[in-house]
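Report on the structure given below.
Bear in mind that the values in this text are calculations on the coordinates, not laboratory data. In this text the structure is predicted, and so the values were computed from the model without any measurement. Because the Cβ atoms are built from the backbone with ideal geometry, glycine has one as well, and the counts that use them run over all protein chains shown.
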Amino acid sequence: MANTASAKKRIRSSERRRLRNRTFRVSGRTYVKKARALISGGKLEDAEAAVRQAASTLDKSAAKGIIHPRNAARRKGRLMRALAAAQKS
C-alpha cells in the first residue's frame with residue numbers, strides 16, 4: 001500500500017488513465033475483428049470500410065501512446081495484406 005500522498009495520487013491517476021485507455025484498446029481490437037470477419041466472409045466492399053476504420057482507430061491509439069506505434073503498424077499491415085489477398089482471389 002502507498003505511504004506518501006504523492007504515491008496515493010499516482011495510484012488514483014493511473015487508474016483513471018487505465019480505464020480511459022481500455023476503451024481505445026478494446027475498440028481497436030473490435031474493429032480489427034470485424035474487418036477480419038468481413039474479409040473471410042467475402043464482403044469486400046464492407047471489409048474495405050472496416051479496414052479503414054480499424055486503421056484509423058489503431059493510429060489514434062498509437063498517437064495517444066496507448067499502444068506502441070510499431071504495434072499499430074504491424075496490425076494495420078496484417079489487415080491490409082489480408083484484404084489485398086482477398087481482393088486478388
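For the reader, a short list of remarks on this structure follows.
- Test: residue in segment 52-65 that is under 13 Å from the mean Cα position of the chain (by Cα) and not in a helix (DSSP H, G or I): yes
- Qualifying positions in segment 1-28 - assigned to a helix (DSSP H, G or I) and touching a helix residue (DSSP H, G or I) at 6+ places or on another chain (Cβ under 9 Å): Asn21, Phe24, Arg25, Ser27, Gly28
- Sole residue being among the charged types (D, E, K, R) and in contact with a Leu (Cβ under 6 Å, 6 or more places away or on another chain), chosen from Lys8, Lys76: Lys76
- Residues of segment 37-46 include at least one that is assigned to a helix (DSSP H, G or I), touching a residue at least 40 places away in the same chain (Cβ under 8 Å) and either within 27 Å of Arg17 (Cα to Cα) or hydrophobic (A, V, I, L, M, F, W, C) (or both).
- No other residue among Arg10, Arg25 is free of Cβ contacts under 8 Å to residues at least 12 places away in the same chain, of a type outside the set (Val, Ile, Thr), surrounded by 11 or more Cβ atoms within 10 Å (Cβ to Cβ) and out of contact with any Pro (no Cβ under 9 Å at 6 or more places or on another chain) apart from Arg10.
- Residue within segment 39-54 that is among the hydroxyl-bearing types (Ser, Thr, Tyr) and surrounded by 11 or more Cβ atoms within 10 Å (Cβ to Cβ) present: yes
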